[in-house]
Amino acid sequence: MKNGILHPRFIVRQIVRSRRQAIVFVLCVALSIVTLISLNGFSASVNASLLNDAKTLHAADIIIQSYYEISPGTVNTVRQFEDQNEIIGHRVWEFYSVVRNRKGRDSLLAKLKIVQPGYPFYGQVVLKSGRKFAGVLTPGSIIVAQRLLDRLNLKVGDPLHVGSTTLTIKDVVLQEPDQPVNIFLLGPRIFIAAADIDRLDLVKKGSRVRHFYLIKVLQEDKIRSIADRLRDVSDAEQERVDTYRTARSRIKRFFDNLFFDLSLISIFTLLLAGIGIQSALTAFLKEKEKTIAIMKTVGAKSHFITRQYIFILSILGLAGTIIGLLAGLLLQSGLDVLFRGFLPENIALIISWRAVLEGLCLGVLVVGLFSFIPLHRLKDIKPVIIFRKERIRSQARLPIYLSGFLILAFFVLLVFWQVNELKTALYFILGVILLIVITAVSTGAVLLILKRSRVRSLLIRQAIKGLFRPKNATRPIIITLTASFAVIFAIYLIEQNLDASFIQSYPGDAPNVFFLDIQPSQLEKFSDVLGLPAQYYPIIRAKIMSINGQKINRQQERRRRGDNLARTFNLTYRNHLLEDEVIVKGGRLYQKSWGDRQVSVMDTVADSNQMKIGDSITFKVQGVPLQARISSIRSRTRESIRPFFYFVFPDNTLRDAPQTIFTAVRIAKPQISALQTKIVENFPNISVIDTTELLMIFTGVVKKLSLIIRFFAAFSIVAGILIILSSILATRYARIQEAVYYKILGARNNFVVKVFTLENLVLGLVSTGQALLISQAASWLICIKVMNISYQPFIIDSILLLGVTLLLVVTVGLLPSISILRKKPVVFLREHTQE
Amino acid sequence: MPVVEARNITKTYTIANREIRVLDDVSLSVAEGEFLVVEGSSGSGKTTLLSLLSGLDKPSSGRVLLEEMDITEASEDDLAPLRNETIGFVFQSFHLVPSLTALENVMFPAEIRRDPQAHDKAAELLKRVGLQKRSDNYPHQLSGGEMQRVAMCRAVINNPKIIFADEPTGNLDSENGKAVLDLLLEFKKEHQTTLVLVTHSIDIARIADRMIILKDGRIS
Ligand SMILES: Nc1ncnc2c1ncn2[C@@H]1O[C@H](COP(=O)(O)OP(=O)(O)OP(=O)(O)O)[C@@H](O)[C@H]1O
Ligand SMILES: [Mg+2]
């Protein structure tokens, strides 16, 4: 007995007596692991059923892709390997084109995929009829997505105009291996047999086609050497050669990015939950102070007592962890619904034991780290508190600093573990620390002002007094609430601003139909058919070779999170600024004495790649190098869907380069379809893009994404709620005491309710008010500096947001007070008479 | 005219199915301005009687009348104005609001009834009990004697008809206890307040108008 655990009945009674505090503690532990578990488990499921089978995802072992014809050197080498029976190669072409039906003369932008027989090497194209893909896609036939049939009022068996020819719809595609999710496609899919490629008359020099060479290697162990060989002979400036291992599919990149953002939010929630654990535990142990003091009076040693409570905590922590795990697994299946549209229909949810194990470890660590300080404080409880209402002061500062340091270290490690990317991880950590420091400082200031304030109204005075109740966790509560609300508000504000910039306020005069790939020879006739005044922009496609003689590292560039210099750029030439452009550096578009070898650069590329006036950039235009000095840096005054160019050259420099022409016009929505049809009839090679249509697709994706992000952000609100609850429970005794004394002195119930409400209102106002200011500042900074979009504060939305959160704080704060108000004065007085 | 009157009150508690009769058919009437001392051994029901007379608790049977008004069935809110203006409480363990300073504690009952002079009256009272320098201190910064003097000031600030004091000196040494009692009696004399005092002190019992002794749940 002397060194062991006390009687089980003691343990049970300790828990039951403070069951409210115990429940909040358990919930905090559960919350701390639920989001990460469900997220990690879910991403494991997604990876397993969708992404892990990389061969299927790319439908091949080696993938060669280019925006130009595959170079003869590459093609020859592939042929050689084929002759040696080492590989089988298939060509695939993919591009957007407007297709038309015959009857209604409706047209629609569609994504065409031209494949050779034998495609795909891996995985399957699933057809509605259940037939084999290869048997259906014969020359003259096409297979289309259901959406195309719906939009053009067609059915299987109908003809469809594609490019310069007419093909027959033979079947409907349900799923294709290398495009598992089609929410990102701007137009419905059409499969076309390679035999029809010439009849289409769409795959030509200068047209916007992605050329693929899919290769199956017959001996698995030769994949790398063959890929290396192909890479050696390929045109490195235009072609990418990847194996299924190195290729990063867009869908995988999308999910990597999304899960990445969500795990940052989850870590934030975890941090808040940790704070919740700490305050719930403090509340729990607070109720035990007297018991502990008495135990000490009768001779129990500190570490004996500490051991009892560590045991109790382990039980509660274990309960929380189990609840968290179960809830996490349950939530994981809920995520399936949340992500619908981003995932193929029949994704198999697996229980990732790794995620479960990680969750368990996480639970133990979080409970251990955040319980340390409250447990350590047990040492400082002196028997004397039985006699006097003395405040317990912690003597040893060192363990508290140590614990703070450990928590920080844990948090940093967790971020690195989840994020896997040094720079972002550092930014995130710095951001969180900055957020907490700013909040702490401003909370300190506000509390000081409140404390000093002289209010006449008794109610408000009492409410403010309540905030400074001894041992009230007002400061940590306000800090955590402010921080979590600030994050949620900021997410909301940024979303709204993105929405406003890209979707809502699509400027009334901005062009809404884009025409791409107009050949210079077609220009005159096109202009006649269009019959509208329009500005024509020549486009010359080029890649950047080097900057100031420094070669572009393509591998490294492609790994960049945002835009990169490895991609193909659209150059243009003109001697004037566009209406929505201004020169920010260099004074004028071109420098007089520099001749033709100069280029004006858009500020966004210049900034993100540290380009400055006078730097020299070498481009490659259709194999021909072109070196130019940066003569000026331009900026756009409005951010909208208007044509813009990163690199603009003087007329003379590019007038004779191979080019296509691009234009954009504004037409009333009902007329778009007719114009689109008319243009495509006359010029099958011209791509017509109806941005109103794109916008709809884009809006759908954004809505879905913001729902997912909000869903995860909501967990941090739950953490905030638990923190409020635990704080109220920690001051439960003090609150009951006040309520009873007020009543004895002649206050009505009403008065007590008002004081408590007001107290929560002040608490809520301070937190939400601060959160709103911080989130406004942060969103402004992010919109202006990072996203380069204009910023609106959304005052009405903000006020609504503030109101709703305020209501939440007040309600949550009042709920536990109900039982406090019910306490009868006489009962309390008897219970607390010898104090 | 009696300020407070108990008619055949009984108070029982049920613990583990066993009924404990703390007060058994007690009748009592306290006249205006009277100084009544309640005596009895520990556990004899003195605190219970006081809380019934003052409306803090309800009798199991019988009636309690305060200023001829039946408060037996009164709700907490009905009792609020009575507690605020008619009754003053002084407890053995002070029961000061910990989050309020000495001055604020004294002011509180006057503020509840929106007395514009609350602050001045409270300051005056504290000065009278020699605590003007302590008015901004919180209860935990005061000694027991000081706390009880603050509690006294708080009990009398609204000039109540009747003061219930339950062993106000019980937690104090004799010197402090005497000081507190002297103040109480001084105030009583000044305002002709009715005083119901629970005490074990024979000296005080001697100067009281009347003394009752509780034993086995009855007045003997
Ligand atoms: N809520 C309750 N439940 C059960 N028994 C109670 C309760 N309140 C009081 N009692 C019992 O009633 C009896 C009288 O208690 P009371 O506090 O009135 O005594 P007292 O005369 O004030 O004693 P003391 O001089 O020690 O203060 C005691 O035996 C006590 O145990
Ligand atoms: Mg008593």
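Every residue, every condition in (1) surrounded by fewer than 22 Cβ atoms within 10 Å (Cβ to Cβ); (2) away from every other protein chain (no Cβ under 14 Å); (3) at pLDDT 90 or above; (4) closer than 23 Å to residue B:145 by Cα, yes or no:
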{"residue": "B:53", "(1), (2), (3), (4)": "no, no, yes, no"}
{"residue": "B:60", "(1), (2), (3), (4)": "yes, no, yes, no"}
{"residue": "B:81", "(1), (2), (3), (4)": "yes, no, yes, no"}
{"residue": "B:90", "(1), (2), (3), (4)": "no, no, yes, yes"}
{"residue": "B:108", "(1), (2), (3), (4)": "no, no, yes, yes"}
{"residue": "B:121", "(1), (2), (3), (4)": "yes, yes, yes, yes"}
{"residue": "B:127", "(1), (2), (3), (4)": "yes, yes, yes, yes"}
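Here's the yes/no breakdown for (1) within 14 Å of another protein chain (Cβ to nearest Cβ); (2) closer than 16 Å to residue A:758 by Cβ; (3) touching a residue at least 40 places away in the same chain (Cβ under 8 Å); (4) polar (S, T, N, Q):
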residue	(1), (2), (3), (4)
A:790	no, no, yes, yes
A:794	no, no, yes, no
A:797	no, no, yes, no
A:810	no, yes, yes, no
A:814	no, yes, yes, no
A:819	no, no, no, yes
A:825	yes, no, yes, no
A:830	yes, no, no, no
Starting from the stretch B:33-49, keep only residues that are over 14 Å from residue A:826 (Cα atoms), then list their pairs with residues that are more than 6 Å from ligand 1 (Cβ to nearest atom) and of a type in the set (Asp, Glu) whose Cβ atoms are within a distance under 6 Å, requiring at least 6 positions of separation or different chains.
B:34/B:209; B:35/B:209
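Being under 35 Å from the mean Cα position of the chain (by Cα), not assigned by TED's automatic domain parsing to the domain that holds residue A:564 and not basic (Lys, Arg) is true for just one of A:698, A:645. Which residue is that?
Unique residue meeting the criteria: A:698.
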For the structure I just gave you, tell me whether residue B:77 is surrounded by fewer than 22 Cβ atoms within 10 Å (Cβ to Cβ), farther than 18 Å from residue B:163 by Cβ and within 8 Å of another protein chain (Cβ to nearest Cβ).
yes
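Restrict the check to the stretch A:740-754 and report whether at least one residue is in a helix (DSSP H, G or I) and within 36 Å of the chain's Cα centre (by Cα).
Looking for residues that are in a helix (DSSP H, G or I) and within 36 Å of the chain's Cα centre (by Cα), one finds none in the stretch A:740-754, hence no.
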Give the stretch B:2-26 a look and list any residue that's hydroxyl-bearing (Ser, Thr, Tyr) and either touching a residue at least 40 places away in the same chain (Cβ under 8 Å) or crowded, with 21+ Cβ neighbours inside 10 Å (or both), or say none.
B:10, B:12
Tell me which of these residue B:64 doesn't satisfy, since it passes every other one: (1) modelled with pLDDT of 90 or more; (2) within 16 Å of ligand 2 (Cβ to nearest atom).
(2)
Every residue from the stretch B:163-220 that is of a type in the set (Phe, Trp, Tyr) and either more than 16 Å from ligand 2 (Cβ to nearest atom) or more than 15 Å from the chain's Cα centre (by Cα) (or both):
B:187
With the condition being among the charged types (D, E, K, R) and modelled with pLDDT of 90 or more, I'd like the strands (runs of 3 or more DSSP E) fully within the stretch A:137-220 carrying at least 1 qualifying residues.
A:165-175, A:189-193, A:210-217
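Quick one: which of A:737, A:776, A:770 is within 14 Å of another protein chain (Cβ to nearest Cβ) and in a helix (DSSP H, G or I)? Reasoning before the result, please.
Details: A:776 fails: within 14 Å of another protein chain (Cβ to nearest Cβ); A:770 fails: within 14 Å of another protein chain (Cβ to nearest Cβ).
Being within 14 Å of another protein chain (Cβ to nearest Cβ) and in a helix (DSSP H, G or I) holds for just one of A:737, A:776, A:770, which is A:737.
Keeping to the stretch B:8-35, report how many residues are more than 16 Å from ligand 2 (Cβ to nearest atom), of a type outside the set (Val, Ile, Thr) and under 20 Å from the mean Cα position of the chain (by Cα).
Within the stretch B:8-35, the first condition is being more than 16 Å from ligand 2 (Cβ to nearest atom), and the residues that meet it are B:8-10, B:12, B:14-19, B:21, B:24-25, B:27-35.
This time we only want the ones that are of a type outside the set (Val, Ile, Thr), so: B:8, B:16-19, B:21, B:24-25, B:27-29, B:31-35.
Still in the list and also under 20 Å from the mean Cα position of the chain (by Cα): B:27-29, B:31-35.
Matching residues across the stretch B:8-35 total 8.
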Within the stretch A:521-543, which residues are at negative phi and surrounded by fewer than 13 Cβ atoms within 10 Å (Cβ to Cβ)?
A:521, A:524, A:525, A:528, A:532, A:533
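Which is more than 15 Å from residue A:812 (Cα to Cα), of a type in the set (Gly, Ala, Ser) and either more than 14 Å from chain B (Cβ to nearest Cβ) or free of Cβ contacts under 8 Å to residues at least 12 places away in the same chain (or both), of A:746, A:764, A:720? Talk me through it step by step, then tell me what you get.
Details: A:764 fails: more than 15 Å from residue A:812 (Cα to Cα); A:720 fails: more than 15 Å from residue A:812 (Cα to Cα).
Exactly one of A:746, A:764, A:720 is more than 15 Å from residue A:812 (Cα to Cα), of a type in the set (Gly, Ala, Ser) and either more than 14 Å from chain B (Cβ to nearest Cβ) or free of Cβ contacts under 8 Å to residues at least 12 places away in the same chain (or both), namely A:746.
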Go through the stretch B:15-50 and count every residue that is within 8 Å of ligand 1 (Cβ to nearest atom), polar (S, T, N, Q) and either under 26 Å from residue A:823 (Cβ atoms) or within 14 Å of chain A (Cβ to nearest Cβ) (or both).
3
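Going by the structure shown, is residue B:181 free of Cβ contacts under 8 Å to residues at least 24 places away in the same chain and surrounded by 18 or more Cβ atoms within 10 Å (Cβ to Cβ)? Step through it out loud before you land on a result.
Values: free of Cβ contacts under 8 Å to residues at least 24 places away in the same chain: yes; surrounded by 18 or more Cβ atoms within 10 Å (Cβ to Cβ): yes.
Answer is yes for this residue.
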Across the stretch A:805-827, the tally of residues that are within 15 Å of ligand 2 (Cβ to nearest atom) and surrounded by 16 or more Cβ atoms within 10 Å (Cβ to Cβ) stands at 1
Could you pull out the residue among B:149, B:154, B:134 that is of a type in the set (Lys, Arg) and over 30 Å from residue B:3 (Cα atoms)?
B:134
Can you find, within the stretch A:749-759, the residue that is nearest to residue A:818 (Cα to Cα) among those that are away from chain B (no Cβ under 11 Å) and surrounded by fewer than 21 Cβ atoms within 10 Å (Cβ to Cβ)?
A:753
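Per-residue answers, yes or no, for (1) surrounded by fewer than 15 Cβ atoms within 10 Å (Cβ to Cβ); (2) modelled with pLDDT of 85 or more:
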{"residue": "A:320", "(1), (2)": "no, yes"}
{"residue": "A:340", "(1), (2)": "yes, no"}
{"residue": "A:349", "(1), (2)": "no, no"}
{"residue": "A:376", "(1), (2)": "no, no"}
{"residue": "A:382", "(1), (2)": "no, no"}
{"residue": "A:385", "(1), (2)": "no, no"}
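The values are calculated or read from the model by the stated rules, or taken from the named source; none is laboratory data. Not measured: the values here are computed from a predicted model. Neighbour counts run over all protein chains shown; Cβ positions are idealised from the backbone, glycine included.
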